[in-house]
1. How big, on average over all directions, is the shadow cast by the Cα convex hull of the chain, in nm²?
2. Determine, at each q value in 0.15, 0.16, 0.23, 0.28 (inverse angstroms), the log₁₀ of I(q)/I(0) that the Debye formula gives when each Cα of segment 138-178 is one equal point scatterer.
3. Of the heavy-atom accessible surface of segment 199-261 (probe 1.4 angstrom), what whole percent is carbon and sulfur?
4. How much FRET efficiency would the formula 1/(1 + (r/R0)^6) give for THR348 and VAL155, where r is the Cβ-Cβ distance and R0 is 51 Å, rounded to 0.05?
5. Taking square-rooted eigenvalues a ≥ b ≥ c of the alpha carbon gyration tensor, is segment 272-322 rounded, prolate or oblate, where a/c under 1.5 means rounded and, failing that, a/b exceeding b/c means prolate?
6. Please work out the ratio of the alpha-carbon Rg of segment 179-288 to 2.2 N^0.38 Å and round it to two decimals.
7. Based on Cα positions only, what radius of gyration and what Dmax would you give for segment 85-149, in angstroms?
8. Residues in segment 220-235 near a label at LYS189, defined as backbone nitrogen under 17 Å from the 7 Å Cα→Cβ point?
Amino acid sequence: MNRHYIYILTIMLTATLLAACSLEPADNEPPVAPTQTDDRIVVLCQGLWGLDNSTLSYIDGGTVTNGWFKKNNPGMHLGDTGNDILQVNDTLIAISVNWSNIIQYIYPDGRAIAATEDIPNNRRLATDRRGYLYCTSYADNGYVAKIDIRTKQIVDTCHVGYEPEGVAYYDGRLFVANTGGYGGQAGHKYESTVSVVDAATMREIRRIDTGCINLFGDMTCCGQFLCINSAGDSYDVAPKAVVMNMADEEFRVFDFPATYSCAYGNRFYLIGSSFSYVTGDYTLTTHTIGLPSLDVADGLASYAAAAPEILKMQAPYGIFISPYSAHLYVTDARGYATNGRLYEFSPTGELIGRYPLEGINPGKLLFLRK
């Protein structure tokens, strides 16, 4: 095990121990019976690092089925730290399982197909819809792997910045957000760049310096626009939101975080989470960014009525809008070491469903294609 992985191991173990010390929140919220919708949703719960307890929950018409992966694959575990989920085509779903070092493939009915192995510390996924899947990895100083979805084999790689996170495909290019998030331990600084990679040749074309450090977390695409979170350092550098036009590679920086984001109807919807070790303050914010104008507004536009409920959550962990029903969904990790919840809101922001999940840290939702 090289020094890079020792640092990774130390940091993740520390985070796990801190999470394990969290008090389980009181389960005293009244149940909310969800209304019937046509949404079919797969919820990926990360679990806790080292405990092999990633799970999938499945929601169909307001009915939740927890432990969905195990029920469809008796004797199998999803793995350790499920990080991202993506529907590649009508018959294939890919799930990056970070510490199990695999990409697990399933059918839309939940049955496992195969896995791509040997992508250590894998993170985020993207597809070109032309037969290839792309996955970022913190290993080997940071790279992107290209996978042939027919064979499930890695066919090429490209080194990018340290600890790359989000990856997006647009017009033959990959846009990769570099974090450098282990910089203090691994001997390098935080990254502030987005690597642009030619997807055909898997060669880095250039790096775009955003001037914003630690481009951590998932990215959200809306057409040619990309929303990236700059997490800052929780000390002197405040978090920011970066919106990039992938067509011309121009970008704009906003003075609020984009910790969790989604896109719907030519808008980015953001929940910002920021913490300062200096003051001890923890702050949640909500914003929308209009496209292509890049006009900013506080709150969540037509979903504004949902904001007070979101801001009352113990630990909002993801925001999503169904492309089919226009319903807003927000996950709550609660104590980070206990089962999470999923909240459903109408297109006008009314709370219409609260789903109890049997999974820790619900980080991603996948709306199955109809």
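1. Average projection, Cα convex hull of the chain: 17.1 nm².
2. The calculated log intensity ratios at q = 0.15, 0.16, 0.23, 0.28 Å⁻¹ are -0.38, -0.43, -0.81, -1.01.
3. 48 percent
4. Once rounded, the FRET efficiency stands at 0.65.
5. oblate
6. 1.11
7. Rg then Dmax for segment 85-149, in Å: 11.1, 36.
8. Correct set: 231-235.
The values are calculated or read from the model by the stated rules, or taken from the named source; none is laboratory data. Just so it is clear, the model here is predicted, and its values are computed rather than measured. Please note: Cβ atoms are built from the backbone with ideal geometry, for glycine as well, and neighbour counts cover all protein chains shown. For the accessible areas, the whole protein counts, side chains as well, though only heavy atoms, and no ligand, DNA or RNA atoms are used. Shrake-Rupley method; radii C 1.70, N 1.55, O 1.52, S 1.80 Å.
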